[in-house]
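Student: Here you go, one structure.
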Amino acid sequence: MPRPPYSHLFTRPGELRISPYGAIVGALAGIPSPAVGLYQVVFQPTAPEHDWHHNVGRLINFEFNYEMMAGLLPTQRYAQQVPTGDLHNMARDTETKAHPDKPFFAGALRIAVLGAGRQAAIALDALSTFSSLIQHGGRPLDRLTERDYLRHLPQSALRDMFIAGQTYRPGFILNSWELRDCK
């Protein structure tokens, strides 16, 4: 699960030297029978009345202004963009994340190992290694464990999360381009 803000970009597999999919398939293949492992991406289109494209653009602008005022970006003598200033990277981030042709989805990425008994933690750690390859805004994804969910839900609800594709947390916002890379 990514940390806020949702306007940051996810790592694309093409940006990596190794594919995260190889790590997933290798970890799934290494789970001893009769245990099973799964990698699940649950997603749903966001409601059209929520203008996520506008919201993402505003967040990118807000973050830029904050960094400029906090002195985290190179300063200028005047409070305006100089003609030679490079806004290409900022425009590319906006175009990549908030382009109107890329619809937004609410998504949840889940991994699990079922029926492994004492070996479940080892198998789950192996299956989880890929999540360090996919980052959000340059930071690793956060994780919620079975223990985190069991504080609020019965064991049967956890099983239903995977079998019926139910969600109990809002997940994260990603566009169709980023979703394609998660699946």
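The values are calculated or read from the model by the stated rules, or taken from the named source; none is laboratory data. Small disclaimer: the values here were computed from a predicted structure and weren't measured. A quick note on method: Cβ atoms are made from the backbone with ideal geometry, for glycine too, and the neighbour counts reach across all protein chains shown.
Student: Residue by residue through segment 1-60, note down the ones that are among the hydroxyl-bearing types (S, T, Y) and assigned to a loop (DSSP other than H, G, I, E, B).
Tutor: Within segment 1-60, Y6, S7, T11, S19, S33, T46 qualify.
Residue-by-condition table, conditions (1) farther than 19 Å from V36 by Cβ; (2) surrounded by fewer than 12 Cβ atoms within 10 Å (Cβ to Cβ); (3) among the hydrophobic types (A, V, I, L, M, F, W, C); (4) over 22 Å from the mean Cα position of the chain (by Cα):
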residue: G117; (1), (2), (3), (4): no, yes, no, yes
residue: S128; (1), (2), (3), (4): no, no, no, no
residue: L133; (1), (2), (3), (4): yes, no, yes, no
residue: L158; (1), (2), (3), (4): no, no, yes, no
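Student: Also: So how many residues does segment 1-35 have that are surrounded by fewer than 18 Cβ atoms within 10 Å (Cβ to Cβ), closer than 24 Å to T167 by Cβ, at pLDDT below 80 and hydrophobic (A, V, I, L, M, F, W, C)?
Tutor: 1
Student: P34 is checked against (1) over 23 Å from I134 (Cα atoms); (2) under 17 Å from the mean Cα position of the chain (by Cα) and fails just one. What number does that condition carry?
Tutor: Unmet for P34, out of (1) over 23 Å from I134 (Cα atoms); (2) under 17 Å from the mean Cα position of the chain (by Cα): (2).
Student: Provide a single number: the residues in segment 138-162 that are touching a Ser or Thr at 6+ places or on another chain (Cβ under 6 Å) and part of a loop (DSSP other than H, G, I, E, B).
Tutor: Matching residues across segment 138-162 total 1.
Student: Pull out all pairs, ordered by first then second residue, where Cβ-Cβ is under 7 Å, the residues are six or more apart or on different chains, the first lies in segment 143-156 and is touching a residue at least 60 places away in the same chain (Cβ under 8 Å), and the second is part of a loop (DSSP other than H, G, I, E, B).
Tutor: Note: pairs meeting the criteria are L144/M1.
Student: Does segment 46-105 hold any residues that are of a type in the set (K, R), surrounded by 10 or more Cβ atoms within 10 Å (Cβ to Cβ), out of contact with any helix residue (DSSP H, G or I) (no Cβ under 8 Å at 6 or more places or on another chain) and at pLDDT below 80, and which are they?
Tutor: R92
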